[in-house]
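What follows is one structure encoded as structure tokens, with my remarks underneath.
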Amino acid sequence: MNQTTVKQAIVPDSEARGLLARLPETPRILAQLARFDRPIGWWLLFWPGAWAVALAGGGLARWPLIAWLLLGSIAMRGAGCVFNDIVDRDLDRKVARTAARPLASGAMSLKVAWAWLLALCLIGLIVLLQLDRYAQVVALGSLALVAAYPFMKRITGWPQVWLGLVFSWAVLVGWSEVTGALTLPGLLLYAGTIFWVVGYDTIYALQDREDDALIGIGSSALSMGRRVRGGVTLCYALALILWACAIWQVQGQLLALAALLPMAAHLLWQVATLKQDGVDPLAKFRSNRFSGLLMFLGCLVVGSSAV
């Protein structure tokens, strides 16, 4: 495959086009299949776990745990993408944005994809073994949700809700690892994070509304119709309310709630300036990498001062 063909095979939303183009063919295709060239996915999977560790009082003292959660997020997000592409390979061929994916385009065999999935899961297993027994059980509880997610778009108009259950699960893992139990603040943090995920993934789904409608699969962007801005605003508002309740449970002072203000301002900027076509949905979606950092800093302040 010549260099021009390689560059054409790299999807437009890759954040590492230059690096990918320099890789040999097999490593490049494996990286694309696991979405290593689009790190926003594992950032979004990682941040909720880091929030939980920080709010539970783990803070920077538990940096090894935070590092393990980051590695687990990279590996398991990659595994989830591989499994999703195995299940969706026929659908992906019908959507312009996903037609170039390795399995949909025929660049990789199904057998190699399954082997790559197993390798990524083994890395996830190494991370799992670093946790206490209770947190291990909590982490394993997500597997059924992860396995079912690729099928949700076929049976519901709200697959983003299921994604919210999956992508927020690190909250429960991080909280149970630090505290040894799933207590109310951790559950409230988890519930709020579900609405955050539904909000940002609805923005992401704006890119595929026409194709999704044509091939008959569901998305919250389609279900909300012309009320996407209002729907995302509601999701973000519910997330902030539930997060405020979690913070109040940890430290019942009005001043502690101020830790949410930077996050609230960022989410307000997202919905106020959202354009529902072009490149803006992808840019707004990716900006949640920064909102995750804002929330982590807020949880760090509250959790550290509550200890």
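The values are calculated or read from the model by the stated rules, or taken from the named source; none is laboratory data. Everything numeric in this text was worked out from a predicted model, so none of it was measured. Please note: Cβ atoms are built from the backbone with ideal geometry, for glycine as well, and neighbour counts cover all protein chains shown. Each accessible area value is taken on the protein alone, full model and side chains, heavy atoms only, with ligands, DNA and RNA left out. Shrake-Rupley method; radii C 1.70, N 1.55, O 1.52, S 1.80 Å.
So which of ALA135, ALA147, ALA170 is part of a helix (DSSP H, G or I), touching a residue at least 40 places away in the same chain (Cβ under 8 Å) and touching an Asp or Glu at 6+ places or on another chain (Cβ under 8 Å)?
Values: ALA147 fails: touching an Asp or Glu at 6+ places or on another chain (Cβ under 8 Å); ALA170 fails: touching an Asp or Glu at 6+ places or on another chain (Cβ under 8 Å).
Going through ALA135, ALA147, ALA170 in turn, the sole match is ALA135.
Kindly indicate whether any position in the range 106-125 is among the charged types (D, E, K, R), assigned to a loop (DSSP other than H, G, I, E, B) and farther than 21 Å from LEU44 by Cα. Even if it seems obvious, please write down each step before you answer.
Residues of the range 106-125 among the charged types (D, E, K, R): 111.
With assigned to a loop (DSSP other than H, G, I, E, B) added as a condition, the list becomes none.
No, the range 106-125 contains no residue that is among the charged types (D, E, K, R), assigned to a loop (DSSP other than H, G, I, E, B) and farther than 21 Å from LEU44 by Cα.
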When ASP201 is run through (1) touching a residue at least 40 places away in the same chain (Cβ under 8 Å); (2) of a type in the set (Asp, Glu); (3) more than 16 Å from LEU44 (Cβ to Cβ), the failure sits at (3)
When the range 48-72 is checked residue by residue, the ones that are buried (at least 24 other Cβ atoms within 10 Å of the Cβ) and in a helix (DSSP H, G or I) are PRO48, GLY49, ALA50, TRP51, ALA52, VAL53, ALA54, LEU55, LEU69, GLY72
Expected single match for touching a Leu at 6+ places or on another chain (Cβ under 8 Å), without any contact (Cβ under 8 Å) to a residue 40 or more places away in the chain and open to solvent by 10 Å² or more (accessible area, probe 1.4 Å) among ARG77, ARG93, ARG89 is ARG89
Quiz item: Do we find that ARG35 is at pLDDT 85 or above, crowded, with 19+ Cβ neighbours inside 10 Å and within 23 Å of TYR204 (Cβ to Cβ) in this structure?
Solution: yes
Checked GLY186, GLY164, GLY174 against criteria (at pLDDT 95 or above, within 15 Å of the chain's Cα centre (by Cα) and among the small types (Gly, Ala, Ser)); the one match is GLY164
Those residues of the range 271-307 which are under 19 Å from GLY230 (Cβ atoms), part of a helix (DSSP H, G or I) and among the β-branched types (Val, Ile, Thr) amount to VAL271
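I'd like the full set of residues that are hydrophobic (A, V, I, L, M, F, W, C), assigned to a helix (DSSP H, G or I) and closer than 22 Å to LEU143 by Cβ, limited to the range 179-210. Break it down into steps so the answer makes sense when it comes.
We begin by selecting, within the range 179-210, every residue hydrophobic (A, V, I, L, M, F, W, C); these are 181-182, 184, 187-189, 191, 194-198, 203, 205-206.
Narrowing the set further to residues that are assigned to a helix (DSSP H, G or I) leaves 184, 187-189, 191, 194-198, 203, 205-206.
Passing the criteria: LEU187, LEU189, ALA191, ILE194, VAL197, VAL198.
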Among GLY186, GLY192, GLY216, GLY164, the single one that is free of Cβ contacts under 8 Å to residues at least 12 places away in the same chain and either surrounded by 21 or more Cβ atoms within 10 Å (Cβ to Cβ) or on the phi > 0 side of the Ramachandran plot (or both) is GLY216
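Among the candidates LEU117, LEU45, LEU110, single out the residue that is surrounded by fewer than 19 Cβ atoms within 10 Å (Cβ to Cβ) and at pLDDT 90 or above.
Details: LEU117 fails: surrounded by fewer than 19 Cβ atoms within 10 Å (Cβ to Cβ); LEU45 fails: surrounded by fewer than 19 Cβ atoms within 10 Å (Cβ to Cβ).
Every option except LEU110 fails the conditions.
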Given the conditions (1) surrounded by fewer than 20 Cβ atoms within 10 Å (Cβ to Cβ); (2) touching a residue at least 24 places away in the same chain (Cβ under 8 Å), every one holds for LEU234 apart from (2)
Exercise for the section: Might you check whether a residue that is farther than 30 Å from GLY230 by Cβ and not charged (D, E, K, R) occurs anywhere in the range 155-163? Expected result: no
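Please list, ordered by residue number, the helices (runs of 4 or more DSSP H) wholly in the range 213-270 having 2 or more residues that are within 24 Å of PRO185 (Cα to Cα). Outline the logic, then answer.
Working: elements: 220-224, 228-250, 254-257.
The qualifying helices (runs of 4 or more DSSP H) are 228-250, 254-257.
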